[in-house]
Amino acid sequence: MSKSLNAALIDGLARELEGVDSCVVVGASAMTVAEVSAFRTKLRGQDFRMRVVKNSLAKLAFEQVGMPGLDAVLDGPSAVIHGGEGCLAISKLVADEKRTAKDKLQIHGGFNEGEVVDSQGIDVLSKVPGRKELLAMCMGGFFGPVSNLAQSMDDLFTEMHGLLEALIDSKGGAE
């Protein structure tokens, strides 16, 4: 490729990654065109972007946007996935796709909050609860005791009602 075309490709990837604090690098060369298209559709559904890159150009773009060391995970044909809610959400989707595609999708690694993460790190991230799950846990923690108190009060009132009925019946009933 010509130098001007390479420079345009590097600038294009750098513009896409500008302001992005995390991304995941995958290899999808073993997947069929239909599988890659379905995977891209899933990614777009969660506001992620996947771009197949030439490793030498990606290395230069990573250095340009402040993701040093990410070129170490580039191995063979690679694609960079970024966007959405960040590395945690991407890793969950990629790990799920890897299971679905029966390991045709290889996870090379990624970049999260200033650090290069290897494929095992991405796998660990995929098992961490996401934002929605954490919010649900917090809400359960806040409202769990209140719900238990309401249930206890209901049980107490039911028991008191039963005792009052028994007292009324022992006194000769309500006439």
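Of note:
- With the cut-off at under 15 Å, measuring from each backbone N in the range 1-42 to a point 7 Å along the Cα-to-Cβ line of Glu63 picks out 7, 10-11, 14.
- Cα-centred dipole magnitude for the chain, charges only on beta-carbon of K, R (+1) and D, E (-1), debye, nearest 20: 1180
- Screening the chain for DSSP H helices whose Cα atoms reach 24 Å or more along their own axis and whose mean Kyte hydropathy is at least -1.0 gives 131-170.
- Chain lengthening between Met160 and Met137 when straightened (0.36 nm per residue, less Cα-Cα): 4.9 nm
- FRET E, pair Lys102, Asp75, Förster distance 25 Å, beta-carbon r, rounded to 0.05: 0.80
- Positive-end extreme of charge dipole, the range 130-175 - chosen from Ala136, Leu164, Ala150 (charges on Cβ): Ala136
- Taking trypsin sites (Lys or Arg not before Pro) across the range 64-167, the ones in a DSSP loop with at most 12 further Cβ atoms lying within 10 angstrom of their Cβ are Lys102, Lys127.
- Helical content of the chain, expressed as a calculated mean residue ellipticity at 222 nm, amounts to -19500 deg cm²/dmol (DSSP H runs of 4 or more residues, -39,500 (n - 2.57) each, divided by residue number, nearest 500).
- Full-extension gain in nm, Val52 to Arg40, via 0.36 nm per residue minus C-alpha separation: 3.2 nm
- Projecting the Cα positions of Phe39, Val26, Ile81 onto the charge dipole of the range 3-128 (unit charges on Cβ atoms of Lys, Arg, Asp and Glu, taken about the Cα centre) puts Phe39 furthest along the positive direction.
- Rough spin-label spacing in nm, given labels placed 7 Å along Cα→Cβ, for Ile168 and Val124: 6.5
- For peptides 44-53, 153-162, sequence by mean Cβ density within 10 Å, most packed first: 44-53, 153-162
- Cross-link reach is defined here as a Cα-Cα straight distance under 18 Å, omitting same-chain residues fewer than 8 places apart; for Lys102 the aspartates and glutamates meeting it are Glu35, Asp123.
- The charge dipole of the range 1-87, taken about its Cα centre with unit charges on the Cβ atoms of Lys, Arg (+1), Asp and Glu (-1) only, comes to about 300 debye.
- Under 21 Å from Lys104, Cα to Cα: lysines that are on another chain or at least 8 residues apart: Lys42, Lys54, Lys92, Lys127
Just so you know, all these numbers are worked out from the coordinates, no wet-lab data involved. Quantities reported herein were computed from a predicted structural model and do not represent experimental measurements. For neighbour counting, all protein chains shown are included, and Cβ atoms are generated from backbone atoms with ideal geometry for every residue, glycine included.
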